[in-house]
Amino acid sequence: MTTQTHPDAPTELRFGKTFLALFGLGFIGVLSLIPLIISQVEALPPELLSQPLPVIVLLSLINPLILLALSVAIGTLLAHRIGLRSLIAEKVRTGAAIWPHLRPQLVTAIMVGLIFSVAVLGLDALLDPFAGTELANTTPNGETPTLGSLLQQLVLGVLYGGITEELLLRWGVMTLLAWLGWRLLQRGPGAPHPALIWTAIVLAALLFGLGHLPAMASLVALTPLIIFRTVLLNALGGLIFGWLYWRRSLEVAMVAHAAGHVGFFLVNLGLLIVG
């Protein structure tokens with residue numbers, strides 16, 4: 001027999017179950033970082049390794065787990081107060097079924113994600129000659145990507161990008177910014193004004209783009225154009241996923257984000273095959 005948490009359940013119980021459900025989902029994405037961390041550590045000279053590999057991996061996971069916990073807690077506390085929704089959270093809070101609400105949005109989410117991937121690759125191709133370096137089709141060591149490396153990027157993109165990043169940037173950051181604007185500027189009455197939501201979407205999208213700079217710095221020198229390219233292309237995704245979170249649900253944004261990485265994989269796989 002299964003039990004459901006209804007609206008009249010204690011607030012602490014509803015928060016705890018919602019937090020655990022969303023944190024557990026994001027935790028899967030964090031775990032997908034492990035192969036990447038291992039490959040990065042193994043590429044370092046042995047003299048730079050001060051701890052055994054398992055210890056380094058565990059220590060590397062602490063920061064994303066802390067950020068995930070904070071973001072999930074923020075969204076769980078604030079999202080429903082300003083009309084932002086997660087189907088998983090609603091399932092835990094009220095017992096509402098997820099699939100009937102998600103199914104009608106799947107085709108739209110997948111198509112938006114695939115179109116986003118094509119747009120990003122097209123913009124990247126336009127900017128690449130000016131950037132002075134080939135970025136789209138090389139691995140960090142400069143070699144042509146293999147099927148294995150593309151599959152690893154796909155898994156990381158779908159799980160960490162599609163799930164964990166959406167919990168961090170949309171459920172956490174965007175929700176917090178929208179709630180702050182609603183409380184401080186609108187002073188609470190009614191639903192947040194669209195201008196407040198769009199401000200939150202844009203700011204979260206810019207943070208999303210800036211958050212990719214450290215990874216880019218590990219591949220190439222951060223010239224002004226490389227910084228512009230990285231922030232622009234990732235912020236574009238942040239705008240799209242933020243809009244889907246606002247107008248549909250967190251889960252629709254997750255599906256679109258994951259579909260975007262599927263699009264990247266398919267294009268790069270095609271280039272690998274023909275190349």
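The values are calculated or read from the model by the stated rules, or taken from the named source; none is laboratory data. Note that the coordinates shown come from a computational prediction; the quantities given were computed from them, not determined experimentally. Please note: Cβ atoms are built from the backbone with ideal geometry, for glycine as well, and neighbour counts cover all protein chains shown.
Taken over the range 93-109, the criterion of being without any contact (Cβ under 8 Å) to a residue 40 or more places away in the chain and either of a type in the set (D, E, K, R) or not in a helix (DSSP H, G or I) (or both) is satisfied by A96, A97, R103. Residues considered: L225, L272. Of these, the only one that is touching a Ser or Thr at 6+ places or on another chain (Cβ under 8 Å), of a type in the set (A, V, I, L, M, F, W, C), touching a residue at least 24 places away in the same chain (Cβ under 8 Å) and part of a helix (DSSP H, G or I) is L272. For the range 230-275, a residue qualifies if it is of a type in the set (V, I, T) and at pLDDT below 95, and the qualifying residues are T230, V231, V267, I273, V274.
V112: touching a Ser or Thr at 6+ places or on another chain (Cβ under 6 Å), touching a residue at least 60 places away in the same chain (Cβ under 8 Å) and of a type in the set (V, I, T), yes or no?
When the stated conditions are applied, V112 does not pass them.
For residues that are small (G, A, S) and in contact with a His (Cβ under 8 Å, 6 or more places away or on another chain), scanning just the range 150-180, find the one that is nearest to H80 (Cα to Cα). Selected residue: G162. Taking the criterion of being in a helix (DSSP H, G or I) and touching a Ser or Thr at 6+ places or on another chain (Cβ under 9 Å), the residues of the range 239-254 that qualify are L244, Y245, L250, E251, V252. Filtered by the rule that a residue be more than 22 Å from the chain's Cα centre (by Cα), over 22 Å from L156 (Cα atoms) and not small (G, A, S), the range 18-68 gives P45, P46, E47, L48, L49, Q51, P52.
Annotation note: of L114, L68, L78, L84, the sole residue that is part of a loop (DSSP other than H, G, I, E, B) and crowded, with 18+ Cβ neighbours inside 10 Å is L84.
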